[in-house]
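S.K.: Can you keep this structure in mind? I'll have questions shortly.
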Amino acid sequence: MRWLCLILFLSACIPIRDDVLQSYDGWRGTTTFTTQEREVFRGADGNGLMTARPVITLGPDGRAFGVFTNVRRRDANGPRIGRMTSGGQTLDYTAHDRLLTHCIDGCQPAEVGVVTLSETAFRLAAQTGLPLRVWGLRGRYNGTVPAEAFARVLAKVDDG
């Protein structure tokens, strides 16, 4: 029993990754707030993997809300995303690039992109999380971007 209490006490001292990353783009005059990537899907076959992170961008044109996504495969065929949905609703997804990433023991073909959200949808996701279903040519992925990640980014922007 004493060991259990000690372990619980020590685990309370471990810092949680609560850092919100902030970057400024002088060319565009925008500031971006996001978190570290969160793994939201790993396929049972070990080939598919999806990470995501919420993002808010502030700039001369106002605020933009979304989720950065990185879908990758551990085989020769890279992902080709056709659409992303949440709760049966098709999301506004834009692919930014297809590239080779995570080159430790060979490289993984990846498709990186962004899901654009309204401010209302982003604030709702800060309370409930955002379930994502990715429909691709070479696989389907299901995952949920955690509510706390949205809440952290939102709190940083709202607090100034």
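The values are calculated or read from the model by the stated rules, or taken from the named source; none is laboratory data. For clarity, every value in this text was computed on a predicted model and none was experimentally measured. Here the Cβ positions follow ideal geometry from the backbone for every residue, glycine too, while neighbour counts run over all protein chains shown. These accessible areas exclude ligands, DNA and RNA; they are computed on the full protein's heavy atoms, side chains included. Shrake-Rupley method; radii C 1.70, N 1.55, O 1.52, S 1.80 Å.
S.K.: How much accessible area per residue does region 20-159 have, counting only protein heavy atoms and a probe of 1.4 Å, in square angstrom?
M.R.: 54 Å²
S.K.: What are the semi-axes of the equivalent ellipsoid for region 20-159, taken as the square roots of 5 times the Cα gyration tensor eigenvalues, largest first, in whole Å?
M.R.: Equivalent ellipsoid of region 20-159: 26, 17, 13 Å, largest first.
S.K.: Taking 25 Å as R0, compute the FRET efficiency from the Cβ-Cβ separation of T90 and T31 and round it to 0.05.
M.R.: 0.30
S.K.: Now a separate question. Within 10 Å, count the other beta carbons around each residue, average over each peptide in 19-31, 52-64, and list them highest first.
M.R.: The most tightly packed comes first, giving 52-64, 19-31.
S.K.: Something else now. Scale the Cα Rg of region 79-160 by the rule-of-thumb value 2.2 N^0.38 Å and send over the ratio, two decimals.
M.R.: 1.25
S.K.: On to the next question. Counting only protein heavy atoms and a 1.4 Å probe, tell me what percentage of region 39-160's accessible area is made up of carbon and sulfur.
M.R.: Answer for region 39-160 is 48 percent, counting heavy atoms of protein chains only.
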